[in-house]
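Data block below; observations after.
The values are calculated or read from the model by the stated rules, or taken from the named source; none is laboratory data. This structure is a prediction, so every number in the text was calculated from the model and none was measured. Cβ placement follows ideal geometry from the backbone for every residue including glycine, while neighbour counts extend to all protein chains displayed. In case anyone asks, the SASA skips ligands and DNA or RNA and just uses the protein heavy atoms, side chains included. Shrake-Rupley method; radii C 1.70, N 1.55, O 1.52, S 1.80 Å.
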Amino acid sequence: MKKSLVALALTGAFGAAHAQSSVTIYGTVDAGVSRTTHTANDSTQIGKRDNNKLGFRGVEDLGNGLKALFQLEIRYEPDTGTFENVSRPLFQGQSRVGLQGSFGTVRLGRGLSAFQESVIAFEPWSGLPAVAGYQTNLQVAGYTSDPLGPAGNSANRFSNALFYNTPVWNGFQVNFTVATKEANGNPAIIGRGTAAAPQYAANSEASANPYSVSATYTNGPFAAMVAHERNGVETKLSSVAASYKPIPALKLMASYQTQDQGHTLAINPDTDAWVIGANYTVGPGKWLFGYGQKTPDGVIKTKQVSVGYEHSLSPRTYLYLDLAQKKTPFVPTARTDVDQNHYALGIHHNF
């Protein structure tokens, strides 16, 4: 009896100590069969709807309400087992460390900018890089947060950056990201220069510190966001978005974006885009609907309509079907277009 009590006391003591620090391993495996017509690879392929990732995140309780946190996230391709795009960094998803307390959360490293992290809540595919989704093109008006990254690098993250999130006050939160001007291996960007003398030479520093700021508000079934961002080549993007749930099973959402590339483009520097969408849950199923347009100056507008369905097999696994049609410029400078039809069927698992 005494041994049992001692064992119980030791277990409790070590359990309490262990609770002060924790590390979680998590990830996603997503694979399917897809085809997109009128593209360079117009054939049935093994593809993905989501980024496949392996991540590590940890929290250490430092006392007095202060916590230390870190997160590292690797991206990979499930059909080949290779890293996602060999030119991308090992921890492509994010690599950040920071502190959290009554002042909010401060982190340093690489991750989604404040705008990119906030806007995905107002997109019908929840920001997934699916071809049927809108976040990687229309919802950002074709904008990239990282034009001075290596070729093929992710377009929605800042490297060498400071990230700050305020506490949530009555549903309201402000998020801010600022990056250094450090060179990060970019290819040359001609911009307003020439091929012989590009505006941004290869591996050049940013001409201004990239920054991103967003403000979000949630009050019951209603949520809204306003954001502004400037990247390393001084392209600016502004965005407003909102969502509403008239009933728990239905979420309606809309967003509007405008991009100004005047620093690097002398002609047709502005692009406007908007997206509307809905999610409807019924039993184990979830329907996704979306429609959006992107209108660059002097170029025929892009139009996209998408429908998706997810069928949950468990809280962590679902099957999906995506159908989409995108009317996109066949030659960017010409007034002609082409319909790209997309079909995808696959399985998504979180662990």
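Inspect region 176-190 for any residue being open to solvent by 60 Å² or more (accessible area, probe 1.4 Å), within 19 Å of the chain's Cα centre (by Cα) and free of Cβ contacts under 8 Å to residues at least 60 places away in the same chain and give the result as yes or no. No, that holds for no residue. Can you spot a residue in region 130-139 that is over 28 Å from ALA201 (Cβ atoms), open to solvent by 50 Å² or more (accessible area, probe 1.4 Å) and modelled with pLDDT of 95 or more? Within region 130-139, not a single residue is over 28 Å from ALA201 (Cβ atoms), open to solvent by 50 Å² or more (accessible area, probe 1.4 Å) and modelled with pLDDT of 95 or more. Test HIS311 against the stated conditions and say whether it is assigned to a strand (DSSP E or B), over 30 Å from ASP146 (Cα atoms) and either touching a Lys or Arg at 6+ places or on another chain (Cβ under 9 Å) or without any contact (Cβ under 8 Å) to a residue 12 or more places away in the chain (or both). Yes: the conditions hold for HIS311.
With respect to the conditions (1) touching a strand residue (DSSP E or B) at 6+ places or on another chain (Cβ under 8 Å); (2) modelled with pLDDT of 95 or more; (3) open to solvent by 10 Å² or more (accessible area, probe 1.4 Å), SER212 falls short on a single one, namely (3).
Of all residues in region 30-48, how many are open to solvent by 50 Å² or more (accessible area, probe 1.4 Å) and either assigned to a loop (DSSP other than H, G, I, E, B) or among the hydrophobic types (A, V, I, L, M, F, W, C) (or both)? Talk me through it step by step, then tell me what you get.
First pass over region 30-48, keeping only residues open to solvent by 50 Å² or more (accessible area, probe 1.4 Å): 33, 35, 38-46, 48.
Subsequent filtering for residues that are either assigned to a loop (DSSP other than H, G, I, E, B) or among the hydrophobic types (A, V, I, L, M, F, W, C) (or both) retains 33, 38-44, 46, 48.
Residues that pass the stated criteria total 10.
Please work out which residue is nearest to PHE172 (Cα to Cα), limiting yourself to region 140-159 and to residues that are open to solvent by 20 Å² or more (accessible area, probe 1.4 Å) and aliphatic (A, V, I, L, M). Top of the filtered list is ALA155. Residue check: PRO124 meets all listed conditions (1) at pLDDT 95 or above; (2) open to solvent by less than 20 Å² (accessible area, probe 1.4 Å); (3) within 26 Å of PRO269 (Cβ to Cβ); (4) assigned to a loop (DSSP other than H, G, I, E, B) but one, namely (3). Taken as a whole, the condition of being open to solvent by 60 Å² or more (accessible area, probe 1.4 Å) and modelled with pLDDT of 95 or more does not apply to SER4. Please go through region 149-181 and give me each residue that is at pLDDT below 95 and in a loop (DSSP other than H, G, I, E, B), ordered by number. Residues satisfying the conditions are GLY149, PRO150, ALA151, GLY152, ASN153, SER154, ALA155, ASN156.
For region 49-85, what are the residues that are among the charged types (D, E, K, R) and either under 23 Å from GLY101 (Cβ atoms) or open to solvent by less than 30 Å² (accessible area, probe 1.4 Å) (or both)? It would help to see each step written out before you state the result.
Initial filter on region 49-85 (among the charged types (D, E, K, R)): 49-50, 53, 57, 60-61, 67, 73, 75, 77, 79, 84.
ARG49, ASP50, ARG57, GLU60, ASP61, LYS67, GLU73, ARG75, GLU84, listed by residue number.
Restricting attention to region 85-127, the residues that are charged (D, E, K, R) and touching a Phe, Trp or Tyr at 6+ places or on another chain (Cβ under 6 Å) add up to 2.
Out of all the residues in region 62-78, is one or more assigned to a loop (DSSP other than H, G, I, E, B), on the phi < 0 side of the Ramachandran plot and in contact (Cβ under 8 Å) with a residue 60 or more places away in the chain? Reasoning before the result, please.
Pass one, region 62-78, residues assigned to a loop (DSSP other than H, G, I, E, B): 64-65, 77-78.
Filter once more, keeping what is on the phi < 0 side of the Ramachandran plot: 77-78.
Restricting the remaining residues to those that are in contact (Cβ under 8 Å) with a residue 60 or more places away in the chain gives none.
Checking region 62-78: not a single residue is assigned to a loop (DSSP other than H, G, I, E, B), on the phi < 0 side of the Ramachandran plot and in contact (Cβ under 8 Å) with a residue 60 or more places away in the chain.
Residue-wise test of (1) open to solvent by 50 Å² or more (accessible area, probe 1.4 Å); (2) closer than 23 Å to ALA114 by Cβ.
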{"site": "ILE247", "(1), (2)": "yes, no"}
{"site": "LEU250", "(1), (2)": "no, no"}
{"site": "GLY262", "(1), (2)": "no, yes"}
{"site": "ASN268", "(1), (2)": "yes, no"}
{"site": "LYS286", "(1), (2)": "yes, no"}
{"site": "LYS294", "(1), (2)": "no, yes"}
{"site": "TYR309", "(1), (2)": "yes, no"}
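Taken as a whole, the structure leaves GLN92 outside the set of residues that are among the polar types (S, T, N, Q) and either part of a strand (DSSP E or B) or under 24 Å from ALA324 (Cβ atoms) (or both).
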